[in-house]
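Shown next, in structure tokens, is the structure this report addresses.
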Amino acid sequence: MKAEGIYNINAGEIQMKFSQILIPTLREAPSDAEAISHKLMLRAGFVRQLASGLYIYLPLGWRVINKINRILKEEMDAIGAQELSMPVMHPAEIWQTTGRWNEIGAEMFRLKDRTDRDMCLGMTHEEIMTWLASREIRSYRDLPQVWYQIQTKLRDEARPKSGILRTREFQMKDSYSFDADENALDINYKAHADAYHRIFSRCGLKFYQVESDTGMMGGAAAHEFMAPSQAGEDDIVLCDKCGYAANVEVAKSKASDNKLQEWEYEEIHTPQKRTVKEVSHFLKIGHEYFIKSLLMIADTKPVLVLLRGDQELHEKKLAKIIGNFRAASKEEILSILGVEAGFIGPVGHKIRTLADSSLMTGTYISGANKSDYHTRGIKAGVQFNAEWNDLHAAKEGDQCLNCNTPLRIEKAIEIGNIFKLGTKYSVPLKAVFLDNNGNEKPIVMGSYGIGPARIAAAAVEQNNDKDGIIWPKSIAPFDVEIIPLNVTDEKTKEVTEMIYKGLVTEKLEVLVDDRNERPGVKFKDADLIGIPIQVVIGEKGLKEGIVEVKDRMTKQTEKIAVENAVAKIISFAP
RNA sequence: CGGGGCGUAGCGCAGUCUGGUAGCGCGCACGGUUCGGGACCGUGAAGUCGGAGGUUCAAAUCCUCUCGCCCCGACCA
């Protein structure tokens, strides 16, 4: 960034001059950046950190966010959603009415106004949107309604991370649908899902729509939109054959096949071998032929949980059945089961027993319920019985429940989500309407979110190389960067202005690197910043009457006659 | 909230173990030479060593407390 440029600002032809826009590029990334997108956005001068989880968007960063927001608005408007704007600060009473004032803990920023009234900063707007609906919607004739906003949300995250990916203050496009019944909700839900597909495609992202947990939103169904990336915080389970896609939090899977073993029911001596790993190694038999027996304590009551040796317990799935629980201590295992930890087996206990469905078939090895012994030849229904449930976490290589294909797991960034809320908010907040028979009914709602900053971060994660960012054309801060090499050369100046004007006239957004810097510096910065098309104007080329047009992604350069340059560049543009 | 790490010039770091009055590279300012992939020479500006207290003749360095930031985990509309 330099204060001096070759063009006099008062002469005023070229507006977007590198020398005058705040683009503080960095040769090295600050050491506390970890994620690729974080490092690149910092280095390329898109963002700066104010405090943990609080980011400043510099001019380039803000242009990207606004490009994304433009797409969001276009697609929301296209499904008939109406943009409005809600306050960021809310009175506590509304949140108390739905119960979330107490359900949500430290994650909600809370404060008092001068009259000592409890307030909070909005983490989301279900309450407020529903409050509005409760006052303004009376009749089935008023439905459906879809309202949306692109608004700041505040959440006191336990652990902000990865730059812009998980922050304490962020924008969200949140929309809310209001319908007379479930069928109508389904239509709005589908419309949003379709709009989301268009939005993420237009933003140039690779993404999946996956089944997801309803979490604290409650409600009947939910999907997340996931952009695969190493920087992602979620794992998603994918079937390449039938298209099954789910967040691991809710993913279902079948354990891989194991061969039927012709084992007699017998005890085997396994001195000091406790874990599945140890016993498996000792007996030279795969983990999948073992039963893992775990003792859990739920509400002071012990529960025995059985899993196949190669599977892991999915704690949320278990919690849905038995409520909150914890692992029993070694002392509790001894006093409750009379067995030393490491030698527990499924056979012969009187306590409540839950088993993963994968154990219904097959013959297994497990603890013999006495020290230093395991038992071989255990079969469900013969030696033990249990309540059968899906208790294991899906993992790579498990089989798809629909088509038996091995499943894949990918890390992904959650860029959007859609929830069928039902009447969870409309009932407590009394958002009701009269149907055509004059009966009062609660409005059936849906809620739908997208984080623009996460789209930007995911785009960088998915599109970069060793030199920097490669922005998808639709959300790049500029369409074209013109790089005049010698800014003191008259001919260069002339051609630069000519091309700039030609492109601007065609409604392209153009950045001109008018800095009096060495070519190397400009090339490096251009690659770092990642504007999709670079136009290099050099004295050498001008002598032959050409300029060079470079594609940031492919790195291919084309020599174009000066007089054809504008038309050619336009043909590359989005 | 549990575990780990780090705070020294705008950025990246050394110096801390073994106390002696702060240094390197990049960047920045000025002058000159350069000019198609982060040039070179010279000159210069810039640091309450995160903060408070303590030990000591003397603290970036040792001790106590505290604040901030990052990473792993837990948590996560």
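Percent antiparallel among DSSP beta bridges with both residues in chain A, to the nearest 5?
Numbers: 91 of 113 bridges.
Counting DSSP beta bridges with both partners in chain A, the antiparallel share is about 80 percent.
Looking at this model, which pairs from A:K173/A:K424; A:K73/A:K420; A:K173/A:K501 are more than 24 angstrom apart at the alpha-carbon?
Details: A:K173/A:K424 21 Å; A:K73/A:K420 21 Å; A:K173/A:K501 35 Å.
Over 24 Å Cα-Cα: A:K173/A:K501.
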Given H placed on each backbone N at 1.01 Å, which residues far from A:T375 in sequence or on other chains put an amide H within less than 5 Å of it? A:I268, A:S366, A:G367, A:A368
At what distance in nm do the modelled label points of A:S52 and A:R159 sit from each other, each positioned 7 Å from its Cα along Cα→Cβ? 1.1 nm
Using a Förster distance of 56 Å, the FRET efficiency for A:M360-A:T557 (Cβ separation, nearest 0.05): 0.35
Would you kindly derive the ³J(HN,Hα) couplings of region A:439-450 from the backbone phi angles with the Karplus curve 6.51 cos²θ - 1.76 cosθ + 1.60 (θ = phi - 60°), listing them in order in whole Hz, with x for Gly and Pro? 8, 7, 9, x, 5, 9, 10, x, 9, 9, x, 9
For region A:446-484 versus region A:332-349, the gap between their alpha-carbon centres in whole angstrom: 55 Å
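How much length, in nm to one decimal, is gained on full extension between A:I285 and A:K17, taken as 0.36 nm per residue of separation minus their Cα-Cα distance?
That works out to 89.6 nm of additional length.
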Using 7 Å Cα-to-Cβ label points, what is the A:S335/A:N437 separation (nm, one decimal)? 5.8 nm
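Using 0.36 nm per residue of separation minus the Cα-Cα distance, give me the extension gain between A:S85 and A:W388 in nm, one decimal.
104.2 nm
What ranking do A:Y289, A:Y208 get, fewest neighbouring Cβ atoms within 10 angstrom at the top?
Working: A:Y289 23, A:Y208 19.
Ordered by Cβ neighbours within 10 Å, fewest first: A:Y208, A:Y289.
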For Cα pairs less than 8 Å apart in space and 6+ apart in sequence, what is the mean separation divided by the residue count of region A:266-389, i.e. the relative contact order in percent? 30 percent
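So which GluC sites (Glu not before Pro) in region A:420-511 pass both tests, a DSSP loop state and at most 13 other Cβ atoms within 10 Å of the Cβ? Provide the component values of the computation, followed by the final result.
On the way: sites: A:E440, A:E461, A:E481, A:E490, A:E494, A:E497, A:E506, A:E509; in loops: A:E506, A:E509.
Here no loop site has a sparse enough neighbourhood.
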Identify all lysines with a Cα-Cα distance to A:K330 below 18 Å; exclude those on the same chain that are fewer than 8 residues away in sequence. A:K273, A:K292, A:K301, A:K370
What percent does the relative contact order of chain A come to when contacts are Cα pairs within less than 8 Å and at least six residues apart? 17 percent
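Given Cα pairs under 8 Å that are at least 6 residues apart, what percent is the relative contact order of region A:46-184?
On the way: 197 pairs, mean separation 37.5, N = 139.
The value is 27 percent.
What is the gain in length, in nm to one decimal, between A:C403 and A:A567 on full extension, counting 0.36 nm per residue of separation less the C-alpha to C-alpha distance? Could the numbers behind the result be given before it?
Values: separation 164, 0.36 × 164 = 59.04 nm, distance 5.12 nm.
Full extension from A:C403 to A:A567 adds 53.9 nm.
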Sorted by chain and number, the residues with a modelled amide H under 5 Å from that of A:T363, at a separation of 5 or more or across chains, are A:Q261
What whole-number distance in Å separates the alpha-carbon centres of region A:76-126 and region A:268-328? 42 Å
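Add -39500 (n - 2.57) for each DSSP H run of 4 or more in chain A, then divide by its residues: what number comes out at 222 nm, to the nearest 500 deg cm²/dmol?
Values: 14 runs with 146 residues, N = 574.
My calculation for chain A gives -7500 deg cm²/dmol from helical runs alone.
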For region A:40-127, run through the trypsin sites (Lys or Arg not before Pro) and keep only the ones in DSSP coil with at most 14 other Cβ atoms within 10 Å of their Cβ. A:R114, A:R117
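What are the trypsin sites (Lys or Arg not before Pro) within region A:350-422 that DSSP puts in a loop, where the Cβ has at most 15 other Cβ atoms within 10 Å?
Values: sites: A:K350, A:R352, A:K370, A:R376, A:K379, A:K395, A:R408, A:K411, A:K420; in loops: A:K350, A:K370, A:K395.
Here the trypsin sites (Lys or Arg not before Pro) that fit, given the DSSP loop and packing criteria, are A:K350, A:K370.
Every read-out reported here was derived from the displayed coordinates using simple, explicitly stated rules and does not represent laboratory data. What you see is a predicted model; the values in this text were computed from it and never measured. Quick reminder, even Gly has a Cβ in these numbers, built from the backbone with ideal geometry, and neighbours come from all protein chains shown.
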